[in-house]
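Structure, as structure tokens:
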Amino acid sequence: MVVCPKLPYRKEENRMLVKTILNRVQKHESFVYGDCRLVERPERTIIEVEIKARVNSQPICSGCGKKGPGYDTLSRRSFEFVPLWGIAVFFFYAMRRVDCPACGVRVETVPWAQGKSRLTTTHAWFLARWSKRLSWKEVADIFHTSWESVLRSVKMAVAWGLEHRDLEGITAIGIDEIAWKKGPKFATLVYQLDNGAKRLLWIGRDRTEKTLVRFFDWFGVDRSAKLRFVCSDMWKPYLRIIAEKACKAVNVLDRFHIAKHMNKAIDDVRAKETRELKAKGKEPILTHSRWCLLKRPENLTERQDVKLKELLACNLKTVRAYLLKEDFQFFWGYKYAAWAGKFLDKWCTRTMRSRLKPMKKVAKMLRTHRGLLLNWFKAKGHISLGAVEGLNNKIKVTTKKSYGFRSFDLMELALYQAVGNLPEPKFTHRFC
């Protein structure tokens, strides 16, 4: 076993090194760093950094933000800073009180923290950035802080980002909903879909007309008038409010929701036919075939591909429904809306003659929304029509990472933080 010799401990050099780093990455006007101490505690090791006000500097009133004469000095307070080399760092400073002519006697405001927070602003932004990558609990555990501190950091980051984000130049939005809690409890989501700018714009509680009206009231009449495209599903309350509040925009139906209706119809046909075959004592060929029929052919596994070929060789209602669904995919490949419309009409006529009730229901729905369905070709090339589903997948990842949400407010914070693409202030140094 080789034992490395201990290096000589040079107290002044150690102090100077930490102070030099802090002055480089976190310098504060009218304040200087004092002694830096490495303190061994039973639970963990920390670095204590003293902060002192410059001689003859006047404190700033936390009420009006103006300088004033000092009144007295309070007891020393600690502020948690970003860990250095995995060691927790705390600033220690004795807050002064200001004898402000306008506000009376007030505690001073300091540049490294906001209000009564014991977290430095730099550390709060550090935790907020990590919360985009990890769950809040993981961030708290890794950096030896509390879950509440991470929550406060995310609140601060989201509040700042929402206040400073740019809402000009938005021409395309997508409207969707998610079930964020069992019950089910829904939330309405509005995304920006402009090329080069895809983000979550707004979250509303519930899935009602009033919810969407609240969005357009918040968005404003002028911005709503500038919208060129609105992507949504076929839910009537949404369509009604969009036609009323964004009448100049082209309402595009989301391709994913149409595929969802198709898949549900096939699933209904398959389930009913499986029961019929079982009742007649025939071979249960449709058993374990659900994903063979619902997935796109290019996404099938080798085993599923073999199973699908076996099914296609049989004369089954489920196979007829599957072939109708696959035939409809040609609709999206048309270049002109007129030709796509002719194809849609023929497909609906053929489906109505199929005697497959679930598929006939889909055909009736597509006929009812024919005009909105053909709007897809007007938006093609102007906006990313798959962006809504892509953003929804990011939201599902955030929900899974958080193991669900205890309240709507927590969900709102987490989703704005993850998908809102919120701006951040410029710092002299980034710690992550």
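The values are calculated or read from the model by the stated rules, or taken from the named source; none is laboratory data. Keep in mind the model is a prediction, meaning the values are calculated, not measured. In this analysis, Cβ positions are derived from the backbone assuming ideal geometry, glycine residues included, and neighbour counts consider all displayed protein chains. When the accessible area is computed, the model is the full protein with side chains, heavy atoms only, and any ligands, DNA or RNA have been set aside. Shrake-Rupley method; radii C 1.70, N 1.55, O 1.52, S 1.80 Å.
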With the 1.4 Å probe rolled over protein heavy atoms, the stretch 251-312 has an accessible area per residue in Å² of 65
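Determine the share of the stretch 54-152's accessible area contributed by carbon and sulfur atoms, expressed in whole percent, with a 1.4 angstrom probe.
Solvent-exposed carbon and sulfur of the stretch 54-152 make up 51 percent of the total.
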What helix-only [θ] at 222 nm does the chain give? Using -39500 (n - 2.57) per DSSP H run of at least 4, over all residues, to the nearest 500, the answer is -14000 deg cm²/dmol
Projected onto the charge dipole of the chain (unit charges on the beta-carbon of Lys, Arg, Asp and Glu, signs +1, +1, -1, -1), the Cα from Ala124, Ile258, His382 with the largest positive-side position is that of Ile258
Computed ³J(HN,Hα) along the stretch 291-308: with the Karplus parameters 6.51/-1.76/1.60, θ = phi - 60°, integer Hz and x for glycine or proline, the list is 6, 4, 8, 8, 7, 5, x, 6, 9, 6, 6, 4, 5, 5, 5, 5, 4, 5
For Val89, the residues 5 or more places away or on another chain with a placed amide H closer than 5 Å to its own amide H are Ile47, Phe81, Leu84
Carbon and sulfur atoms account, in whole percent of the 1.4 Å probe accessible area of the stretch 333-405, for 57
With every protein chain kept in place and a 1.4 Å probe, the stretch 14-56 has an accessible area per residue in Å² of 66
Non-local residues with an amide H under 5 Å from the amide H of Glu177, with H modelled 1.01 Å from N and Pro and chain starts lacking one, are Leu189
Checked the stretch 364-432 against the a/c 1.5 cut and the a/b vs b/c comparison, axes a ≥ b ≥ c from its Cα gyration tensor; verdict oblate
Distance in Å, no decimals, from the C-alpha centre of the stretch 44-104 to the one of the stretch 306-357 is 71
Note, the stretch 153-164: 3J(HN,Hα) by Karplus (6.51, -1.76, 1.60, θ = phi - 60°), whole Hz, Gly/Pro = x, goes 5, 5, 4, 4, 5, 5, 4, 5, x, 5, 6, 10
Regression test value, accessible area per residue of the stretch 340-418, probe 1.4 Å, units Å², expected 53
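If the only charges are +1 at each Lys and Arg Cβ and -1 at each Asp and Glu Cβ, what is the size of the charge dipole of the stretch 316-430 around the Cα centre, to the nearest 20 debye? Let's see the in-between values first.
Numbers: 24 positive and 7 negative charges, 163 e Å.
Using only the charged Cβ atoms, the result is roughly 780 debye.
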Residues meeting the amide H criterion for Gly68 (H placed from the backbone, H to H distance under 5 Å, 5 or more places apart or on another chain) are Cys61
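Among DSSP bridges having both ends in the chain, what percentage is antiparallel? Round to the nearest 5.
Of the beta bridges lying entirely in the chain, close to 75 percent run antiparallel.
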Phi angles of the stretch 174-188, converted by Karplus (6.51 cos²θ - 1.76 cosθ + 1.60, θ = phi - 60°) into ³J(HN,Hα) in whole Hz with x for Gly and Pro, give x, 10, 8, 9, 10, 8, 9, 8, 4, x, x, 10, 9, 9, 8
If every Lys and Arg gets +1 and every Asp and Glu gets -1 at its Cβ, then about the Cα centre the chain yields a dipole, in debye to the nearest 20, of 1680
When the charge dipole of the chain is computed with +1 at the Cβ of Lys and Arg and -1 at the Cβ of Asp and Glu, the Cα pointing farthest to the positive end, of Phe343, Gly220, Val230, is that of Phe343
In the stretch 360-432, the chymotrypsin sites (Phe, Trp or Tyr not before Pro) that sit in a DSSP loop and have at most 11 other Cβ atoms within 10 Å of their own Cβ are Tyr403
For mean projected area of the Cα convex hull in nm², with candidates [x] 33.2; [y] 21.7; [z] 20.4, the value calculated from the shown model is option [x]
Given unit charges at Cβ for Lys, Arg (+) and Asp, Glu (-), the dipole magnitude of the stretch 138-265 about its Cα centre in debye, nearest 20, is 480
Over 22 Å (Cα to Cα) among Lys185/Lys236; Lys360/Lys380; Lys236/Lys264; Lys182/Lys400; Lys264/Lys401 -> Lys360/Lys380; Lys264/Lys401
When the charge dipole of the chain is computed with +1 at the Cβ of Lys and Arg and -1 at the Cβ of Asp and Glu, the Cα pointing farthest to the positive end, of Leu193, Asn421, Ala279, is that of Ala279
SASA check, His144, accessible area w/ 1.4 Å probe, all protein chains in place, rounded to nearest 10 Å², comes out at 120
